[in-house]
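What follows is a set of notes on a single structure, which appears directly below.
Quick note: the coordinates plus some simple rules give every number you see, no bench work behind them. For clarity, every value in this text was computed on a predicted model and none was experimentally measured. Note that we place each Cβ from the backbone using ideal geometry, even for glycine, and neighbour counts take in every protein chain shown.
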Amino acid sequence: MKNNILIIDDDADLSFVITDMLEGYGYNVTSAESADEAFGLLSSRHFDLILLDINLPDSTGFEICKELRRVSDVPVIFASARTSESDRITGFDIGGDDYLPKPYSMAELFSRIKALLRRAYGDSDEKAPIVFGNVKVDISARSVTKNGVPVGLSLKEFDLLACLCGHMGTAVSKESLLSEVWGTFSDVEPSTLAVHIRWLREKLEDEPASPKYIKTVYKVGYILEVSE
C-alpha cells in the first residue's frame, strides 16, 4: 500500500519539486498552501506523514501541529527556513517528530521521510534491492555490489544512483537530478553532475565509455535503462 503524504507549504514551486520526487518513488502526495486548505484536507482524508512549513499566510506550522496533536499522532516533519534553536525546541515540544532546516537536498528529505515512516509503521515500505546486469543496489541499506563485491560510492554518487533507480526506465532531466541530489536551492553546475555520472559509470559499467545502463539522453539528461 502506498503511503499518503501531505505537504503544507506556501512555496508552490518547492512543493511541486518535492511531489515530483516522492511520486517517482511511489508515494501519493497532496499539497496545501495554507492552514485553512490543510485542515480541509485533514478533515476528509487520511495521511501517513505531514511535511510542514512554519511560516504560512494564515497561520503557523506550530499552530497546525498543536491542533493535530489534539486528535492525531500522524508523523510530522517540520521543514523551515527558521533554524534557531528556540524554533527547533518548540517544534519538538509541541509534537513534531523531525525538524529539517531549509535549504535541504531532496536526497536528505527522502531519507528523513523513509526513516520516520519506518519508525512509525515498521518496515513495510522497504523496497526490494534493484538489480541490473551484475549490479545490485539496496536503497534501504545504502549498499551497492558488482559481481557480489561491494562497490564504494560517495554519498552524492549513491544519492544520484538512487535517484536514477527511483525513475528507472524514464529519462530524468539534468535540472531534476541537480534538484533532487544537491538541493533545490543549490548553485552546483551541470558539469558537476556530468562528473558524478562519469564516476558511476567507471564503477558500475563493464565498458564505461559505452555504457549499457546509465545512458545519456540527448538534450534532456540521463536514464537508468534496463532492458534485460
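Of everything in the stretch 22-47 that is closer than 24 Å to Ser111 by Cα and charged (D, E, K, R), the residue that is surrounded by the most Cβ atoms within 10 Å (Cβ to Cβ) is Glu33. Scanning the stretch 173-228 for residues that are without any contact (Cβ under 8 Å) to a residue 40 or more places away in the chain and in contact with an Asp or Glu (Cβ under 6 Å, 6 or more places away or on another chain), which turns out farthest from Phe16 (Cα to Cα)? For the stretch 173-228, the residue satisfying everything is Pro208. Counting the residues of the stretch 189-228 that are exposed (fewer than 14 other Cβ atoms within 10 Å of the Cβ) and touching a helix residue (DSSP H, G or I) at 6+ places or on another chain (Cβ under 6 Å) gives 1.
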